[in-house]
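Only one structure is covered here, and it is reproduced in the block below.
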Amino acid sequence: MQASTHLIKGNLEVKISKRRDLPCFREFKERKSTLTRNLCIRRGSICSGLSSGAVSMGAELARARDNVESVARSLIKFRSVKAQASGGDVEDLAPINPHETSTGTVLPFVGVACLGAILFGYHLGVVNGALDYLSKDLGIAQNAVMQGITLLAAAAVGSFTGGALADKFGRTRTFQLDAIPLIIGAVLTAIAQNVQTMIIGCLLAGIGIGITSAIVPLYISEISPTDIRGALGSVNQLFICIGILAALVAGLPLSRSPLFFYRWRGMFGLAVIPSILLALGMTYSPESPRWLFQQGKISEAEKSIGTLYGKERVPEVMYELRTAGQGSTEPEAGWIDLFSKRYWKVVSVGAALFFFQQFAGINAVVYYSTAVFRSAGIASDVAASALVGASNVFGTVIASSLMDRQGRKSLLITSFSGMGASMLLLSLSFTWKVLAPYSGILAVVGTVLYVLSFSLGAGPVPALLLPEIFASRIRAKAVALSLCMHWISNFVIGLYFLSVVDKFGISVVYLVFAAVCLLAVLFMAGNVVETKGRSLEEIELALNPTT
């Protein structure tokens, strides 16, 4: 009863300044006055407004709660319509409920999920680090590129299926299922004696990291408290970078001595350890309360909320879920629903984010970084890769601290602007004769600035923003579809980049990347909404007021 009383009192104190003349707020004031007379709440005690001889306390509280929820719905609808009519973004809305400090903690469970992000980065990095050694050992130098291409193609398939699995089995169970191809793929690549076994192992590992790429940001976003969701969501990208660096460190012995010629098998085999830890960790991690509520598992959702945020937050979070109408009013969305008039605009924004992320040239810059650093006199491939990797990690750490203060949209625009300027600098350093004496230094500066700019926004924000802007009934599938665009774009660039460079030259290609960055800035300024400081339910009601 105390929890219900606290909930009613908290929602009666909705801030309505500067809108008192509007009918919606006059209605709220009248209802608040009526509720105050019938339900006098002072310092936690219930006064004479509740007549125990007439109506039971439970029925009166239920009616009061229904009235308050009705008023809150009217206010939410009014704010959503106002934001749309004025062309405003989600930032035009005020939060419905105050987000109190929770006594629960999500950090251990975010850490478990980030094992998937580490595997994502590690599998990408380990192929590049061991490619020369394994191709010579297995005698498959002519097929060396196939490992990388197979990994990317399989990842596209995995990301596409990850959404359906997450909707059907839940987030934590999907993580556990995903550990199966990750473990088998790591074992097969480690023991491969021929190209066929290596390709099958890369195929399974690719499917595994594809699923991981979809469900890690989804799970983190759904379990994170609103006030730190941006920081925790960007941790995903940070751990991807850490995974890539871990693969580099694991490959250091290969570059030092031929005695470690067969160490590449151990590099692939190491991926088994975090895969097992991921499966075991998810056994003890709470399921997403939003998915549980959508499935009608109310008691389990309340238990999950208590574990994540503390028992005192259960009424508040459950109220937000009921207000958004998740799971109770509409069936789960199918793939065809993503292309309906209702959802296509927001789904297209998600796909465009990853399209711009990849075609802005990040993989090209990383691929060419070794050659760029050699032109500046840095002969060590390891040093070049370490500098790029360190820049990426450093920028991602800065982005994590700014995500919930500056907002997602502003970081995206700043990031792509910096990437475009860096691409222009890189292009000019290769073509302008006046810059020829400084071309090496300028190329290194341009590369480092590009990677820093990427890590400030274009890297971490898309995977964080997608689960925030998608409605609950399409969230998992829409995230999976957008990640599929990521892997397809990555695959296309990896397949055709070198041939395009051979035909047109790296300077022209960098100019094209700079133009893509400019288009990205214009697109995001006009289509991306700000989501900082809003619960997923508030964002959903703003972007989909008909739900």
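The values are calculated or read from the model by the stated rules, or taken from the named source; none is laboratory data. Not measured: the values here are computed from a predicted model. We place every Cβ from the backbone using ideal geometry, glycine too, and count neighbours over all the protein chains shown. Please note that ligands, DNA and RNA were not included when accessible areas were found on the heavy atoms of the full protein model with its side chains. Shrake-Rupley method; radii C 1.70, N 1.55, O 1.52, S 1.80 Å.
Here are the numbers for the structure shown:
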| read-out | value |
| --- | --- |
| Residue 413 being under 30 Å from residue 340 (Cα atoms), out of contact with any strand residue (DSSP E or B) (no Cβ under 6 Å at 6 or more places or on another chain), modelled with pLDDT of 85 or more and open to solvent by 30 Å² or more (accessible area, probe 1.4 Å) | yes |
| Tabulated pairs, the stretch 186-200, first assigned to a helix (DSSP H, G or I), second at pLDDT 90 or above and of a type in the set (Ser, Thr, Tyr), C-beta under 9 angstrom, 6+ apart or interchain | 186/275 |
| Qualifying position, being touching a helix residue (DSSP H, G or I) at 6+ places or on another chain (Cβ under 8 Å), of a type outside the set (Lys, Arg), at pLDDT below 85 and open to solvent by less than 30 Å² (accessible area, probe 1.4 Å), among 399, 383, 364 | 364 |
| Residues that are among the aliphatic types (A, V, I, L, M) and buried (at least 22 other Cβ atoms within 10 Å of the Cβ), drawn from the stretch 224-245 | 232, 235, 238, 240, 244 |
| Those residues of the stretch 276-306 which are within 17 Å of residue 178 (Cα to Cα) and charged (D, E, K, R), in sequence order | 287 |
| Residue list for the stretch 277-301, filter: under 20 Å from residue 221 (Cβ atoms) and assigned to a helix (DSSP H, G or I) | 278, 281, 282, 289, 290, 291, 292, 293, 294, 300, 301 |
